[in-house]
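Report on the following structure.
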Amino acid sequence: MTTEPPLLLVLDLIGTFAFGLNGALTAVRAAQLDIVGVVTLGVITALGGGIIRDVLLGDVPPATLRDWRYLALAVLGGLVAFALSQWLDRLEMSINVLDAVGLSVFAVIGASKAVAFGLGVGPAVILGAVTGVGGGTIRDTLVRQVPSVLRSDLYAIPALLAAALTVGAIHLGIYGLWAALAAAAICFAVRMLGVVLGLNAPRPRGARPASDGG
Amino acid sequence: MTTEPPLLLVLDLIGTFAFGLNGALTAVRAAQLDIVGVVTLGVITALGGGIIRDVLLGDVPPATLRDWRYLALAVLGGLVAFALSQWLDRLEMSINVLDAVGLSVFAVIGASKAVAFGLGVGPAVILGAVTGVGGGTIRDTLVRQVPSVLRSDLYAIPALLAAALTVGAIHLGIYGLWAALAAAAICFAVRMLGVVLGLNAPRPRGARPASDGG
Amino acid sequence: MTTEPPLLLVLDLIGTFAFGLNGALTAVRAAQLDIVGVVTLGVITALGGGIIRDVLLGDVPPATLRDWRYLALAVLGGLVAFALSQWLDRLEMSINVLDAVGLSVFAVIGASKAVAFGLGVGPAVILGAVTGVGGGTIRDTLVRQVPSVLRSDLYAIPALLAAALTVGAIHLGIYGLWAALAAAAICFAVRMLGVVLGLNAPRPRGARPASDGG
């Protein structure tokens, strides 16, 4: 990620730690996993989005495997989550906040990297959003939940928004640390609004009314 | 996909739209998804097979991300499906027909591209089939169904057949628009025969008799 | 895999056959699949880990698609499993042994290849473990089980151990056939100990007490 200003690298690392913590807490909540499973799911959540991004851009081995700090922070997040797991009931909102942090940061950085690798506007926006939601989607699939990106509360929309703002700022020539922070902050705010208000995008008519998917 | 005749590009785009529509309708039927989830699942179904193909061939960023028409048609398919969702009960057969169209077209084009990238006969056939079934397999996994390719009604067989016919035609020097259309048509016919007659390949002895998997 | 001594290639092929057989037997046990589904799941299990490894290393098309013997052995494993499926009840332990063989061999070879492609120590260990557990993880996800790597009996630990021993041996300059066999044997022994004794790594406090995941 040498194309990013240093503070964006810091953000990327924060997002990695947040997703590591979040993925591991999800593991504790959703399935009967031992410490290895908890940390593994944290690492997958933290590194999954970036790995998908880098594979699709052809930048392999992925940045998250070349730079040891990503893996270290993902594992650390998982271990912290394991230690915190006895207070899980009080951590519901923290899980959501951490998830929103990772989502926002990764969508911005993913979109920025996609433009740097020559993708057009539409695909760069999509790839940014995929970077944001990818790790969580693998996480949910592995513990047999319908992924957040498909079912919930303004999840894909803020990711797409952050990626679109990023790509727009780059094409306007105003992308930099502040633009990146603003795009991430807007994504974070929309996502948290969705969580707090329980908002959902419109549902298709003809779909069965309630319950949770599958 | 510059190695394909123009009409095959048209076919590829038709397959993309068909899979976008199909994936989104599946989303409405199988899980409680909002409009973002419905369109997202349509896009994943439409682009998934081609992305897997291009990643395995090292042709990244994938063609479906470099050419905006794929993404546009996939999203359009998803939106049309969302609009149609109130008549879902009457669309059962359409879902199957659309799925068979995408399966056939993608298997042929995937196999052709695999040969162009230097894969041998066996791997090219496999990669063609993977291109055909890949998007639907991701779709089914995300909405927590055992994928069609594993459980049903002559699904992998027609895809393998279309890919094998394509690879055979290329090696015989007779591959072109008509050969591609013929291979796709045979795949489509076999798949629809499976759907209509409820045919299945032989099951293993010792397996439990009924119910739906997992 | 030209960087490996010939006997390691043999081991790699044995691991492929073992995973093909194992994946297909799992298919028979876990879900109602026809012969195509059974063989398909065997092939996915056998080739999945190596394909993920090669995609992440940028060595595409993956070795398992360039060398026909991998595909042939994976299919053969699936067909043998189909033929054996009527004696499934007596094959429980064989499934576990085969799985441990594939896990051990693939973790060693994956780690060795990761070092050869320039990954650092930590990422090479992770990639080795991913090579070992990747195919089985896809297998479990497709038949809707929480993957072994997340839930069970010392599964990730022996894979990480084998990969770490391999990377260590390479950095000490003592890697070769015997070191590879020793690393694989230790992984196999730890994994089988876990199976036989039903051992698990510590579970998080606060997790619900019993039942099987999701």
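The values are calculated or read from the model by the stated rules, or taken from the named source; none is laboratory data. All of these numbers come straight from a predicted model, not from anything done at the bench. A quick note on method: Cβ atoms are made from the backbone with ideal geometry, for glycine too, and the neighbour counts reach across all protein chains shown. Accessible surface areas use protein heavy atoms only, side chains included; no ligands, DNA or RNA. Shrake-Rupley method; radii C 1.70, N 1.55, O 1.52, S 1.80 Å.
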Count of segment A:82-102 residues which are more than 13 Å from chain C (Cβ to nearest Cβ) and acidic (D, E) = 1
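So, in segment B:70-81, of the ones that are closer than 16 Å to A:L127 by Cα and either within 7 Å of chain A (Cβ to nearest Cβ) or touching a Leu at 6+ places or on another chain (Cβ under 7 Å) (or both), which residue ends up surrounded by the fewest Cβ atoms within 10 Å (Cβ to Cβ)? Don't jump to the end; show me each part of the working.
Our first condition is that a residue be closer than 16 Å to A:L127 by Cα; within segment B:70-81, this holds for B:70-72, B:74-75.
This time we only want the ones that are either within 7 Å of chain A (Cβ to nearest Cβ) or touching a Leu at 6+ places or on another chain (Cβ under 7 Å) (or both), so: B:70-71, B:74.
Numbers: B:Y70: 27, B:L71: 22, B:A74: 30.
Filtering first and then ranking leaves B:L71.
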inquiry  = Suppose we filter B:G194, B:G135, B:G128 for residues that are within 17 Å of B:N22 (Cα to Cα) and in a helix (DSSP H, G or I); which single one remains?
reply    = B:G135
inquiry  = Considering only residues that are open to solvent by 10 Å² or more (accessible area, probe 1.4 Å), within 12 Å of another protein chain (Cβ to nearest Cβ) and not polar (S, T, N, Q), which ones fall in segment C:3-46?
reply    = C:R29, C:A30, C:I35, C:V36, C:V39, C:V43, C:I44
task = Having 3 or more residues that are touching a Ser or Thr at 6+ places or on another chain (Cβ under 7 Å) is the bar; report the helices (runs of 4 or more DSSP H) wholly within segment C:34-87 that clear it.
result = C:35-57, C:68-84
query = From the set of residues in segment C:113-149 that are open to solvent by 10 Å² or more (accessible area, probe 1.4 Å) and hydroxyl-bearing (S, T, Y), which is farthest from the other protein chains (Cβ to nearest Cβ)?
reply = C:S148
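Going through segment C:82-102 one residue at a time, which ones are under 15 Å from the mean Cα position of the chain (by Cα) and open to solvent by less than 20 Å² (accessible area, probe 1.4 Å)? It would help to see each step written out before you state the result.
Here is the first cut: in segment C:82-102, the ones under 15 Å from the mean Cα position of the chain (by Cα) are C:94-102.
Passing the criteria: C:I95, C:D99, C:A100, C:G102.
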task = Return a yes/no flag: does segment B:152-165 have any residue that is over 27 Å from C:A63 (Cα atoms), out of contact with any helix residue (DSSP H, G or I) (no Cβ under 7 Å at 6 or more places or on another chain) and at pLDDT below 95.
result = yes
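Taking B:G168 as the residue in question, decide whether it is closer than 20 Å to C:A72 by Cα and either surrounded by fewer than 24 Cβ atoms within 10 Å (Cβ to Cβ) or hydroxyl-bearing (S, T, Y) (or both). Step through it out loud before you land on a result.
Working: closer than 20 Å to C:A72 by Cα: yes; either surrounded by fewer than 24 Cβ atoms within 10 Å (Cβ to Cβ) or hydroxyl-bearing (S, T, Y) (or both): yes.
The answer is yes for B:G168.
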